[in-house]
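Trainee: Could you have a look at this structure, given as structure tokens, before my questions?
Only the coordinates and a few stated rules stand behind these numbers; no lab work does. Being a predicted model, the structure only gives us computed values, none of them experimental. All Cβ positions, even for glycine, are placed from backbone atoms using ideal geometry, and neighbour counts span all protein chains on display.
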Amino acid sequence: MNHYTTTQLGAIIEQHQNSLLEGWLAGMMARMIRRDKAAEAQLREQAGQLLPLLAQAIRQGASSDIEGPAWDDTRHLLSELSQARVRQGFSSIETASFVFSLKEPLFAHLRAELAGDPAAIVAESAYTSALFDQLGLYTVEVYQKAREQVILRQQQELLELSTPVVQLWKNVLALPLIGTLDSARTQVVMESLLQKIVDTGASIAIIDITGVPTVDTLVAQHLLKTIAAARLMGADCIISGIRPQIAQTIVHLGVNLEDVTTKATLADAFVVALKRTGSTISYSEPD
């Protein structure tokens, strides 16, 4: 692409910012699914910020390669916009459309400004198309990365919510597990339990697996790692919720739980924990 075509495009954007902005906004509004005054005002502000940055980058960069330093400000603005749209619930297509919608009014201005030079129209149109394709794809790339981060954060929060450590009694903690126990969740379980042991100084931790549907070799290993970590912190563990089928599975797998106290129910485990901590519960008949 020669210097003439890129300079022309930058100059056209700079000279016709107002009309380009109105044509651009009209195109975006026509495609908007959710329309309100706040959204329209935000679009106008963002579009108004991007146009001068585009003109400046094209003049300085003289290339459709948006990775160069001349495009730093443009990329930064598009990155902020894409990340914000993830939080606002927009799709990647809606995000990319912000950039692609500028093509139509820009092509119209190119044809009008360069009407007497067909070769320049072809060259400028090709350059503009390649440039805005890159910019649109950049917004999609940033959007996807931001979306992945949101999903990972949500998964982490769900894991933390699904592994609550509660204090049943002085020096006695309970960790009820529900659902599949994989490597990622085991890490969260272990961190939550160890932190609670530090916070409370508990000496007994009951790990209740009543809500764990199946126990295989991997799940058993995860449990043993959690128990070993708790012991290093000075707390002994009791496993409750050992149903007949789980007991059989553990035996068939050859998992060694000989030095771990296991009970059928959380209530049974709690009784053992109370005895080990020297606590007793007395019952009195109602009057």
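Trainee: Positive end of the charge dipole of the chain (Lys, Arg +1 and Asp, Glu -1 on Cβ, about the Cα centre): tell me which of 54, 123, 257 has its Cα farthest that way.
Mentor: 257
Trainee: Applying 1/(1 + (r/R0)^6) with R0 = 30 Å to the Cβ-Cβ distance of residue 14 and residue 141, what FRET efficiency is obtained, to the nearest 0.05?
Mentor: Details: r = 27 Å, r/R0 = 0.91.
E(calc), rounded to 0.05, equals 0.65.
Trainee: Most mobile of 139, 262, 200 per a Gaussian network model of the chain (Cα springs, under 10 Å)?
Mentor: Maximum fluctuation in the GNM of the chain, among the listed residues, is at 200.
Trainee: Per 0.36 nm of contour for each residue apart, how much would the distance between residue 210 and residue 49 grow if the chain were fully extended, relative to their Cα-Cα spacing?
Mentor: Stretched fully, the residue 210-residue 49 segment lengthens by 52.3 nm.
Trainee: Tell me which residues come under 5 Å, amide H to amide H, from residue 102 once H is placed; ignore anything under 5 positions away on its chain.
Mentor: none
Trainee: For the range 213-228, just list the computed ³J(HN,Hα) in residue order, Karplus coefficients 6.51, -1.76 and 1.60, θ = phi - 60°, integers in Hz, with x standing in for Gly and Pro.
Mentor: Values per residue, Gly and Pro as x: x, 9, 10, 10, 4, 5, 4, 4, 5, 4, 4, 5, 5, 5, 5, 5 Hz.
Trainee: Please list, ordered by chain and number, the residues whose modelled amide H lies under 5 Å from the amide H of residue 263; skip anything fewer than 5 residues away on the same chain.
Mentor: 239, 240, 241, 242
Trainee: About the Cα centre of the chain, what is the dipole size in debye to 20, counting +1 per Lys and Arg Cβ and -1 per Asp and Glu Cβ, all else neutral?
Mentor: Dipole about the Cα centre, nearest 20: 540 debye.
Trainee: A further question on this structure: Rounded to whole Hz and in sequence order, give me ³J(HN,Hα) for the range 238-249 from the Karplus expression 6.51 cos²θ - 1.76 cosθ + 1.60, θ = phi - 60°, writing x for Gly and Pro.
Mentor: 10, 9, 10, x, 7, 7, x, 5, 6, 4, 5, 4
Trainee: Sticking with this structure for a sec: Give the distance, in whole Å, between the Cα centre of the range 223-264 and the Cα centre of the range 179-205.
Mentor: Between the Cα centres of the range 223-264 and the range 179-205 lies a distance of 14 Å.
Trainee: Round to the nearest 0.05 the FRET efficiency obtained for residue 236 and residue 184 when R0 = 30 Å and r is the Cβ-Cβ distance. Present the calculation step by step, with values, prior to reporting the outcome.
Mentor: Working: r = 26 Å, r/R0 = 0.86.
About 0.70, to the nearest 0.05.
Trainee: For the chain, just say rounded, prolate or oblate: build the C-alpha gyration tensor, square-root its eigenvalues into a ≥ b ≥ c, call rounded for a/c under 1.5, and beyond that prolate if a/b exceeds b/c, oblate if not.
Mentor: Judged from the Cα gyration tensor, the chain comes out prolate (a/c at least 1.5, a/b above b/c).
Trainee: Report the full-extension gain for the segment residue 221 to residue 129: residue separation times 0.36 nm, less the Cα-Cα distance, to one decimal in nm. All intermediate terms of the calculation are to be shown ahead of the outcome.
Mentor: On the way: separation 92, 0.36 × 92 = 33.12 nm, distance 5.59 nm.
In short, 27.5 nm is gained.
Trainee: For residue 212, enumerate residues with amide H under 5 Å from its amide H, sequence gap 5+ or separate chain, H modeled in the peptide plane.
Mentor: Those qualifying (amide H under 5 Å, at least 5 residues apart or on another chain) are 179.
Trainee: I would also like to ask the following. When only C-alpha pairs under 8 Å and at least 6 residues apart count, what is the relative contact order of the range 178-287, in percent?
Mentor: Numbers: 122 pairs, mean separation 31.6, N = 110.
Relative contact order of the range 178-287: 29 percent.
Trainee: Compare 263, 145, 275 in a GNM of the chain, Cα atoms joined below 10 Å, and give the one with the largest fluctuation.
Mentor: Highest fluctuation of the listed residues: 275.
Trainee: Continuing with the same structure: Using the charge dipole of the chain (Lys, Arg: +1 at Cβ; Asp, Glu: -1 at Cβ; taken about the Cα centre), state which of 169, 219, 109 has its Cα farthest towards the positive end.
Mentor: 169
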